[in-house]
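Asks: The structure's right below; bear with me while I get my questions together.
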Amino acid sequence: MSNTYKEEGLKREVDVAGLTLTIVNGTIGAGIFALPAIISIALGAFGIFSYLFCSIMMAAILLCYAEIGSRITTSGGSYAYVEAAFGTFPGYIINWLYFFGWSVLGSAALMNIIADSMATMFPIFYNSLARAFFFFIIIGFIVLVNIRGVKQGVNFIKWITIIKLFPLFAIILFGFSKVEASNLYWNELPSLKTFSNTALLLFFAFAGFETSLSVSGEIKNPTRTVPLGILFGGSIVFIIYVLIQTVAQGVIGLQMEAFKAAPLAAVAEQLIGPIGGTILLITAIISTFGNVSADVLSTPRLLFAGANDGIFPKFLTKIHAKFFTPHIAVITYASLIFLFSITGGFKQLASLASGAILIVYLSVILATIKLRSNPQLTLEKSFRVPGGLFIPIIGIVSILWLLTSLSQIEVISIIILILVTCLFYIAIKKVQKL
């Protein structure tokens, strides 16, 4: 088991504001620009209350992350937490599930969303070579920013977050004047199956916060910063989601089906005319770009942490002599995103993401419970979730319920990935013994 308080040679420069905005940026992505229509079509006006239900499930998970994140202060986030509680092998599986099953494939998909959005304005982006060159430039820029220091990477994300939130706040602020009360009524409750399937989709709209905690080895005063960052970030995301859904439902109402591709653009057009749709398209591009930026800031720390523990190649532990960042891990991870972006192979593997992140969340909650019984891993001022096991159990039950909503192909895919990961682990250990 690794030393959870060891110094890794990285600078601790991420404060509460930086972590909060990184969490908001990593959670609120391109999906929010289509999510209101998806929820409304499935659940009608009742969809507004579904956010409250899902936020309770996600709050239980967030609180467990807040507790364990205030105790485990090394880089790696979810991987570091599970590794500290259960050892190297479970940590290795979680590292791969998160690193490959969620992050690499997810960011590759986001890069293609950016290119597809750009293509609606500039058709040249339908060309494969143009897209590849575009991916190279964009990913290269993100790499340079993050190699220069975690502070620079966080500052860049702060500005991206502010830019992409401004139009959303404008829609909320000015959209309420267009809300019609009749659009907020519902005649009947949705069926349990419909609600369950929609809850799974909505749950993943809240996912992404945990990526920001991969920089745990570079967070100032983590016993205070991690709980506050999670609390503030999670609260901001919830408020924005509920208000956006309310405005979209209240303005569009029963016409939501006609604007299912871009409901917020439809609201913006009603507020300021045709230019509103263009503004929202640009905002969606910036929002998606911000998600990829946050991922390249955070996820390479999983590679760095794993390499420090001997489960990934040693060269990934190298730290830049001037900027004190894991630059080789950043370059390696960004290169994988670029590779999957241009090949499009991620489309066939996208079903891994949903199951992978649920397994990661479940493992972190179990790790939180286990570490409570180890006084050696309890810092003097570390945060502890009140209510004993009540909150963790809510999180566990919620995840198990959501796992039952996965399709057969998603279940099979996640099992295959875990089996392949186990084989990799066995092979690495045999090579190390030679």
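Asks: Please verify whether residue 299 is in contact with a strand residue (DSSP E or B) (Cβ under 7 Å, 6 or more places away or on another chain) and in contact (Cβ under 8 Å) with a residue 12 or more places away in the chain, treating the condition exactly as stated. Before you say what the answer is, go through the steps one by one.
Replies: Numbers: in contact with a strand residue (DSSP E or B) (Cβ under 7 Å, 6 or more places away or on another chain): no; in contact (Cβ under 8 Å) with a residue 12 or more places away in the chain: yes.
Criteria not met by residue 299.
Asks: What residue, among those in region 88-138 that are farther than 19 Å from residue 411 by Cα and of a type in the set (S, T, N, Q), is surrounded by the fewest Cβ atoms within 10 Å (Cβ to Cβ)?
Replies: The extreme case among them is 128.
Asks: Determine whether residue 223 is of a type outside the set (A, V, I, L, M), at pLDDT below 80 and crowded, with 24+ Cβ neighbours inside 10 Å. Reasoning before the result, please.
Replies: Values: of a type outside the set (A, V, I, L, M): yes; at pLDDT below 80: yes; crowded, with 24+ Cβ neighbours inside 10 Å: no.
Criteria not met by residue 223.
Asks: Here's something else I'd like to know. Quick one: count up the residues across region 259-270 that are surrounded by fewer than 24 Cβ atoms within 10 Å (Cβ to Cβ) and either farther than 28 Å from residue 340 by Cβ or charged (D, E, K, R) (or both).
Replies: Just the residues of region 259-270 that are surrounded by fewer than 24 Cβ atoms within 10 Å (Cβ to Cβ), to begin with: 259-262, 265-266, 269-270.
Of the ones still in play, those that are also either farther than 28 Å from residue 340 by Cβ or charged (D, E, K, R) (or both) are 259-260, 265-266, 269-270.
Residues flagged as surrounded by fewer than 24 Cβ atoms within 10 Å (Cβ to Cβ) and either farther than 28 Å from residue 340 by Cβ or charged (D, E, K, R) (or both) within region 259-270 amount to 6.
Asks: Follow-up question, since we're still on this one. Can you tell me which residue in region 16-34 is nearest to residue 262 (Cα to Cα), limited to those that are at pLDDT 80 or above and surrounded by fewer than 23 Cβ atoms within 10 Å (Cβ to Cβ)?
Replies: My answer is 17.
Asks: List the pairs whose first member sits in region 306-323 and is closer than 16 Å to residue 88 by Cα and part of a loop (DSSP other than H, G, I, E, B), whose second member is among the polar types (S, T, N, Q) and modelled with pLDDT under 80, and whose Cβ atoms are under 9 Å apart, counting only residues at least 6 apart or on separate chains?
Replies: 309/2; 310/432
Asks: Determine which member of the set 406, 389, 379 is within 18 Å of residue 81 (Cβ to Cβ), of a type in the set (A, V, I, L, M, F, W, C) and either at pLDDT 80 or above or in contact with a Gly (Cβ under 8 Å, 6 or more places away or on another chain) (or both). Working first, answer last.
Replies: Numbers: 406 fails: within 18 Å of residue 81 (Cβ to Cβ); 379 fails: either at pLDDT 80 or above or in contact with a Gly (Cβ under 8 Å, 6 or more places away or on another chain) (or both).
Going through 406, 389, 379 in turn, just one is within 18 Å of residue 81 (Cβ to Cβ), of a type in the set (A, V, I, L, M, F, W, C) and either at pLDDT 80 or above or in contact with a Gly (Cβ under 8 Å, 6 or more places away or on another chain) (or both): 389.
Asks: Name the residue, out of 273, 277, 253, that is surrounded by fewer than 20 Cβ atoms within 10 Å (Cβ to Cβ), on the phi > 0 side of the Ramachandran plot, small (Gly, Ala, Ser) and touching a residue at least 12 places away in the same chain (Cβ under 8 Å). Break it down stepwise before answering.
Replies: Working: 273 fails: touching a residue at least 12 places away in the same chain (Cβ under 8 Å); 277 fails: on the phi > 0 side of the Ramachandran plot.
That would be 253, the only listed residue that is surrounded by fewer than 20 Cβ atoms within 10 Å (Cβ to Cβ), on the phi > 0 side of the Ramachandran plot, small (Gly, Ala, Ser) and touching a residue at least 12 places away in the same chain (Cβ under 8 Å).
Asks: So in region 252-265, with the set limited to residues that are assigned to a helix (DSSP H, G or I) and either of a type in the set (S, T, N, Q) or under 11 Å from residue 34 (Cα atoms) (or both), which one is modelled with the lowest pLDDT? Quick ask: steps written out before the conclusion?
Replies: From region 252-265, those assigned to a helix (DSSP H, G or I) are 252-259, 263-265; that's our starting set.
Add one more test, that the residue is either of a type in the set (S, T, N, Q) or under 11 Å from residue 34 (Cα atoms) (or both), and what stays is 255-256, 259, 263-265.
Working: 255: 83, 256: 83, 259: 79, 263: 84, 264: 83, 265: 82.
Per the stated criteria, the residue is 259.
Asks: Which residue pairs have Cβ atoms under 9 Å apart, sit 6 or more places apart or on different chains, and have a first residue in region 164-176 that is within 19 Å of residue 289 (Cα to Cα) and a second that is among the small types (Gly, Ala, Ser) and surrounded by 22 or more Cβ atoms within 10 Å (Cβ to Cβ)?
Replies: If the second residue must be among the small types (Gly, Ala, Ser) and surrounded by 22 or more Cβ atoms within 10 Å (Cβ to Cβ), the pairs left are 164/284; 164/287; 164/290; 165/287; 167/268; 168/287.
Asks: I've got another one for you. Are any residues in region 318-367 under 30 Å from residue 129 (Cβ atoms) and at pLDDT below 80, and if so, which ones?
Replies: Pass one, region 318-367, residues under 30 Å from residue 129 (Cβ atoms): 327-353.
Scanning region 318-367 gives 343, 344, 345, 346, 347, 348, 349, 350, 351, 352, 353.
Asks: Further, regarding this structure: Could you please give the count of residues in region 162-212 that are surrounded by 13 or more Cβ atoms within 10 Å (Cβ to Cβ), outside any helix (DSSP H, G or I) and not aliphatic (A, V, I, L, M)?
Replies: 3
Asks: Also, I was wondering about something else. Out of 101, 153, which single residue is over 26 Å from residue 20 (Cβ atoms), under 18 Å from the mean Cα position of the chain (by Cα) and modelled with pLDDT under 80? Don't jump to the end; show me each part of the working.
Replies: On the way: 153 fails: over 26 Å from residue 20 (Cβ atoms).
From the options 101, 153, the qualifying one is 101.
Asks: Can you name every residue in region 310-332 that is surrounded by fewer than 20 Cβ atoms within 10 Å (Cβ to Cβ) and not β-branched (Val, Ile, Thr)?
Replies: Answer for region 310-332, where residues must be surrounded by fewer than 20 Cβ atoms within 10 Å (Cβ to Cβ) and not β-branched (Val, Ile, Thr): 310, 313, 314, 315, 318, 320, 321, 322, 323, 324.
Asks: Taking residue 290, is it assigned to a helix (DSSP H, G or I), buried (at least 24 other Cβ atoms within 10 Å of the Cβ) and at pLDDT below 80?
Replies: Working: assigned to a helix (DSSP H, G or I): yes; buried (at least 24 other Cβ atoms within 10 Å of the Cβ): yes; at pLDDT below 80: no.
No, not satisfied.
Asks: Which of (1) free of Cβ contacts under 8 Å to residues at least 40 places away in the same chain; (2) farther than 14 Å from residue 44 by Cβ is the odd one out, the single condition residue 188 does not satisfy?
Replies: Condition (2) is where residue 188 drops out.
Asks: So in region 399-426, with the set limited to residues that are more than 20 Å from residue 206 (Cα to Cα), among the aliphatic types (A, V, I, L, M) and touching a Phe, Trp or Tyr at 6+ places or on another chain (Cβ under 9 Å), which one is surrounded by the fewest Cβ atoms within 10 Å (Cβ to Cβ)?
Replies: 420
Asks: Out of region 40-57, which residues are of a type in the set (Val, Ile, Thr) and over 18 Å from the mean Cα position of the chain (by Cα)? Explain how you work it out, then say what you get.
Replies: Residues of region 40-57 that are of a type in the set (Val, Ile, Thr), as a first pass: 41, 48, 56.
Hits for region 40-57 are 41, 48.
Asks: Quick test for you: out of 112, 146, pick the one residue that is part of a helix (DSSP H, G or I), touching a residue at least 60 places away in the same chain (Cβ under 8 Å) and closer than 13 Å to residue 294 by Cα.
Replies: Details: 112 fails: closer than 13 Å to residue 294 by Cα.
Step by step, each of 112, 146 is checked, and only 146 is part of a helix (DSSP H, G or I), touching a residue at least 60 places away in the same chain (Cβ under 8 Å) and closer than 13 Å to residue 294 by Cα.
Asks: Oh, and also: Might you check whether a residue that is out of contact with any helix residue (DSSP H, G or I) (no Cβ under 7 Å at 6 or more places or on another chain) and not charged (D, E, K, R) occurs anywhere in region 62-82? Before you say what the answer is, go through the steps one by one.
Replies: Quick first cut of region 62-82, residues out of contact with any helix residue (DSSP H, G or I) (no Cβ under 7 Å at 6 or more places or on another chain) only: none.
No, every residue in region 62-82 fails to be out of contact with any helix residue (DSSP H, G or I) (no Cβ under 7 Å at 6 or more places or on another chain) and not charged (D, E, K, R).
The values are calculated or read from the model by the stated rules, or taken from the named source; none is laboratory data. Keep in mind that this is a model prediction, so the values were computed, not measured. Counting neighbours? That spans all protein chains shown, and the Cβs are built from the backbone with ideal geometry, glycine included.
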